[in-house]
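As structure tokens, the structure follows; a few thoughts come after it.
Read-outs: derived from the displayed coordinates by stated rules, not from any lab. For clarity, every value in this text was computed on a predicted model and none was experimentally measured. Cβ placement follows ideal geometry from the backbone for every residue including glycine, while neighbour counts extend to all protein chains displayed.
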Amino acid sequence: MIRIFHGTHYDFIKAWRIMAITTVVFIVIGIGSLLVRGLHYSIDFTGGTLVQLRFTTAPDVGRLRSALDRGGVHDAEIQAFGSDKEYTVRAQGAGSTAQTGSADAVALQVEGVLDREFGHDSYRVVRSEAVSARVGGELRRNALIAILISFGVTLLYLAIRFEWRFGVAADLATLHDILTTLAFIKLMNIEISLTVVAAILTVIGYSMNDTIIIFDRVRENLRRRRREPLYDTLNRSVNETLPRSVMTHLTALAATLALLIFAGEVIRPFAWVMAFGIVTGTFSSIYVAAPVLLWIERRWPREAAQGGGASARAESRRAVRTEPEGRAAKVPAGGAAPLA
């Protein structure tokens with residue numbers, strides 16, 4: 001069996017400053033743009049009109065989308081409904097008032113487009129209805145609640161499995177992933193729909209899983225190498241999990257890219273967010289969670305690291321770590337080498 005990146009000794013933590021500056025700049029640009037113009041919400045969140053169509057023969061979805069766009073029904077969401085002959089068309093615009101009259105007007109507009117493009121006898125309208133903007137407000141609130149609940153459950157789980165330091169570091173890494181993903185969505189002008197919200201929640205779980213794997217190895221190495229500085233333990237743990245991480249992330253990214261290229265317009269926003277989420281989730285596990293854990297350990301050393309009596313403290317004071325530049329840095333009593 002071929003093993004890649006086995007037995008590596010890369011100093012990942014050394015580059016944390018450069019990575020921190022890079023991700024902060026990206027977040028500031030994206031969130032700043034978001035504050036100026038806001039997000040682009042789909043009909044699920046803004047309200048609009050839904051028209052269900054049944055064709056006599058399976059239509060070309062690309063042709064259908066182009067015809068609707070030319071006919072004034074812009075940015076319509078077209079989804080298969082049970083078979084390749086039945087589709088739903090969700091349109092904003094006139095239907096955003098969520099009134100029956102507006103829904104009928106949009107339905108008539110869609111019918112006019114289809115009559116010109118496919119012929120009157122090639123389809124029939126099964127139903128047309130308005131989607132209330134009030135429902136969209138409830139969906140936005142529920143999406144936010146879901147994200148906050150995931151934060152709380154994650155913190156509780158990690159506090160039980162590891163300790164609170166790991167939980168705080170993991171949650172800050174997850175917060176980083178949410179901010180960078182929102183910045184990416186805004187910069188790419190991706191429409192916020194229920195599938196995109198599902199992608200964001202999936203990214204949270206994916207990133208958390210990667211962080212937990214690294215932290216689990218950190219915990220094992222802390223038990224086996226009690227006198228090793230935490231800086232070195234973190235680097236060792238990232239290197240030891242690197243082969244597994246590379247294979248997992250490349251496999252997930254390949255599947256996501258396949259969706260991005262071949263799955264079509266409906267699933268493409270989900271695939272874009274997932275592809276970026278794999279990248280930012282890997283980044284945060286190494287360059288956010290690990291440095292934050294190191295800072296917390298320096299600030300609030302573990303009791304186990306502080307214990308051992310005067311001899312342990314004297315040993316800790318004598319311990320030094322040689323930086324890659326050749327200078328010696330004293331290791332704090334908690335066992336964590338300074339970030340500087």
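Scoring 285-293, 47-55 by mean Cβ neighbours within 10 Å over their residues and listing the highest first yields 285-293, 47-55.
Peptides 110-119, 11-20, 269-278 ranked from most to least packed by the mean count of surrounding Cβ atoms within 10 Å: 269-278, 110-119, 11-20. Other residues whose C-beta falls under 12 angstrom from the C-beta of ILE286 contribute a net charge of -1, scoring Lys and Arg +1 and Asp and Glu -1.
Tally Lys/Arg at +1 and Asp/Glu at -1 over every other residue whose Cβ is under 13 Å from the Cβ of ALA199; what's the total? Could the numbers behind the result be given before it?
Numbers: positive: ARG268; negative: ASP177, GLU191.
Local net charge: -1.
Since only ASN209, ALA199, ASN189 are under comparison, the one whose Cα sits farthest along the positive direction of the charge dipole of the range 180-227, derived from C-beta charges on Lys, Arg, Asp and Glu, is ASN209. Highest mean packing comes first when the peptides 167-173, 198-204 are listed by Cβ atoms within 10 Å, giving 167-173, 198-204.
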